[in-house]
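Here's the structure we're looking at; comments come further down.
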């Protein structure tokens with residue numbers, strides 16, 4: 001069968017489907033007529049439509065040729081039988097002898113034993129399988145490529161009809177991918193729990209006209225939209241904001257190359273000539289792209305397919321006029337759902353969000369940094385959530401467990417409401433402690449500081465009861481833009497940060513980039529292990545111009561106030577000595593040129609590598625203070641990548657070996673008179689904070705929302721007794737001190753103080 005014949009065949013079937021889409025017949029009646037139409041149009045003895053009943057089950061929803069009594073009785077698990085394999089793989093199966101195929105399962109109630117030829121194609125929308133379309137014949141033959149193409153075109157329209165609810169019957173559960181409760185198990189990137197309503201970052205484009213009568217008119221629409229998109233991308237490249245060299249420019253060039261791809265355009269034109277509308281043809285190509293992405297292991301190729309997927313989204317919005325989410329129009333208690341999102345886009349939503357759910361992302365991504373700054377729960381790797389969620393759906397995000405409940409059942413909703421009610425009561429308790437110091441029962445005072453990175457963090461300085469900012473991340477101002485910020489912009493920003501602190505101590509960490517934090521306007525280095533590569537102070541020492549510019553901005557912003565700076569990722573004494581000298585030289589240069597000097601300066605280092613704990617005494621004596629960077633130190637201590645879910649949870653902060661190492665750092669700082677703090681997620685977990693304090697650390701820096709629970713527990717215990725519990729675990733040969741500490745707290749009825 002020629003391409004022209006295949007197109008005629010698909011157009012003839014699609015005309016019938018368009019009539020079915022327009023009519024108001026009940027869903028089952030539509031399905032029955034559609035299977036008869038497809039069987040007759042394809043010259044097949046059987047046509048069957050299987051639709052997803054739930055996450056794991058397919059149900060025979062309609063059939064022309066099989067026993068009618070099997071409809072709604074025959075069910076298959078995803079992956080079971082040839083039909084289940086089609087759904088699992090998202091790819092067609094075409095065979096001349098179905099019973100002889102590996103994995104074939106005979107369903108006696110269907111009476112299909114007399115049909116040898118089998119062709120099954122997935123009913124897919126945006127890479128998500130909604131069902132399977134099957135044609136069968138008595139004659140033992142394989143269907144031609146043209147016939148497969150024709151049936152795939154038909155399956156595309158069935159997917160759109162399913163999405164539009166064309167096959168819904170009251171409470172039948174079929175053809176309703178957005179009605180049932182569904183749970184996504186991802187990864188926890190930011191703790192916390194919230195109940196809210198879905199806010200899609202890129203609202204679903206609804207294709208209400210999947211079938212078109214005039215192919216040439218549709219091709220003209222497609223070409224016009226494509227030309228508009230190409231002009232937009234050319235304008236992006238010509239913009240002064242992208243007039244820089246490096247990886248960012250290369251990415252945009254690749255983006256433009258895809259936008260001008262002839263093969264991409266020709267595939268969509270072929271789909272239109274087969275009967276699809278312009279937007280349905282674009283969406284069919286997008287489903288194919290996402291299917292290839294799911295099977296692609298090479299990260300570079302996946303990224304290129306991701307670019308092409310983004311282009312199809314842009315093209316769909318141009319064709320339909322359906323735009324991006326308006327950040328000014330939001331549901332009550334919005335929970336943002338997106339495939340991925342950049343820091344600037346997330347900041348646009350701000351503190352109005354109750355939580356964020358991402359299909360992609362990582363625990364160290366820019367979005368995670370912002371979510372922590374905003375104090376909202378974040379779940380990553382929730383695969384498939386953007387295809388299932390609709391704006392306004394009820395959603396529960398459990399950042400503690402890395403779980404998302406979409407359209408939850410009432411019992412699940414009730415359980416989480418109870419949990420939030422208990423958390424609200426705890427918040428009231430924490431508020432009453434805001435002005436009280438964190439002094440333990442045996443009289444030890446612990447300073448609790450907060451971490452920050454954007455201006456929206458600073459109001460929490462007063463409301464949380466923090467004594468200052470133990471870590472202000474300066475990289476966000478570099479990450480959320482397309483060009484290097486100007487010195488004057490940084491002076492203004494740092495000045496406003498100091499103004500907002502109202503005299504409280506702020507520790508500014510110099511630019512910590514590299515690893516997972518790559519500036520879009522700097523050439524990305526291809527490194528086998530970026531976490532151990534060219535990052536943080538290593539970049540600063542190799543590119544001293546950027547470091548010097550940032551130090552100048554901090555000095556000028558101080559305007560006579562105290563200035564505290566900290567260099568990240570120091571691995572050896574010489575790195576600190578060089579970085580410190582750059583600061584002192586910059587300070588002298590600014591003074592010589594009339595800049596008003598800070599009232600006093602402190603120069604510290606982050607201890608994030610085990611090597612620095614064994615530096616010469618001169619390092620500890622030269623540093624005005626040291627802050628343990630717990631997140632990196634733990635991953636290097638245990639040789640367990642914190643981005644790797646398979647290993648990062650194997651190693652506990654309360655491991656005896658790690659606490660002993662922390663104790664050794666405390667002792668070196670004590671002998672040299674060097675102030676020491678602990679900064680990171682673990683500092684904000686009450687039990688871990690308790691252990692660090694018992695090891696001798698007297699300053700802890702954490703996210704603002706953690707200060708209340710940490711302070712409450714510290715004020716309720718004696719560190720002397722806590723230390724005895726830890727020492728007993730060490731003497732016993734136990735690997736972990738957590739069980740002993742939890743038992744000790746339980747015996748004193750303090751365990752409920754742990755969130």
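Annotations for the structure displayed:
- Only a single item in (1) part of a helix (DSSP H, G or I); (2) at pLDDT 90 or above; (3) closer than 28 Å to residue 633 by Cα is not met by residue 531, and it is number (2).
- Residue check for residue 505: surrounded by fewer than 19 Cβ atoms within 10 Å (Cβ to Cβ) and modelled with pLDDT of 90 or more: yes
- Taking the numbered list (1) surrounded by fewer than 23 Cβ atoms within 10 Å (Cβ to Cβ); (2) closer than 28 Å to residue 602 by Cβ; (3) touching a strand residue (DSSP E or B) at 6+ places or on another chain (Cβ under 6 Å) in turn, residue 655 passes all entries but (2).
- Among the conditions (1) modelled with pLDDT under 75; (2) surrounded by fewer than 20 Cβ atoms within 10 Å (Cβ to Cβ), residue 234 misses just one, which is (1).
- Qualifying residue in the range 475-494 (condition: at pLDDT 85 or above, closer than 30 Å to residue 715 by Cα and either touching a helix residue (DSSP H, G or I) at 6+ places or on another chain (Cβ under 8 Å) or assigned to a helix (DSSP H, G or I) (or both)): no
- Count of residues meeting criterion [touching a residue at least 24 places away in the same chain (Cβ under 8 Å) and part of a helix (DSSP H, G or I)] in the range 393-436: 12
- Residue count, the range 92-116 (criterion: free of Cβ contacts under 8 Å to residues at least 12 places away in the same chain and not in a loop (DSSP other than H, G, I, E, B)): 2
- Count of the range 1-38 residues, restricted to those that are at pLDDT 70 or above and in a loop (DSSP other than H, G, I, E, B), is 1.
- When residue 650 is tested against the conditions (1) part of a helix (DSSP H, G or I); (2) within 24 Å of residue 755 (Cβ to Cβ), the lone failure is (1).
- Scanning the range 106-135 for residues being touching a helix residue (DSSP H, G or I) at 6+ places or on another chain (Cβ under 9 Å) and farther than 18 Å from residue 76 by Cα gives a total of 6.
- Output for the range 694-707, where each listed residue is crowded, with 23+ Cβ neighbours inside 10 Å and assigned to a helix (DSSP H, G or I): 694, 704, 706, 707
- Complete set of residues in the range 66-91 that are touching a helix residue (DSSP H, G or I) at 6+ places or on another chain (Cβ under 6 Å) and touching a residue at least 60 places away in the same chain (Cβ under 8 Å): 90
- Within the range 560-577, the set of residues being over 37 Å from the mean Cα position of the chain (by Cα), under 23 Å from residue 595 (Cβ atoms) and either at pLDDT 95 or above or part of a helix (DSSP H, G or I) (or both) comprises 561, 562.
- Only one entry of 712, 742 meets the criterion of being assigned by TED's automatic domain parsing to the domain that holds residue 659 and closer than 24 Å to residue 427 by Cα, and that entry is 712.
- Scanning the range 653-693 for residues that are closer than 17 Å to residue 471 by Cβ and outside any helix (DSSP H, G or I) yields 675, 676, 677, 678, 679, 680, 685.
- Matching residues in the range 717-755 - criterion: being part of a loop (DSSP other than H, G, I, E, B), crowded, with 16+ Cβ neighbours inside 10 Å and modelled with pLDDT of 95 or more: 717, 737
The values are calculated or read from the model by the stated rules, or taken from the named source; none is laboratory data. Only a predicted model underlies this, so the values are computations on that prediction, with no experimental measurement involved. Positions of Cβ are backbone-derived with ideal geometry, glycine not excepted, and every protein chain shown enters the neighbour counts.
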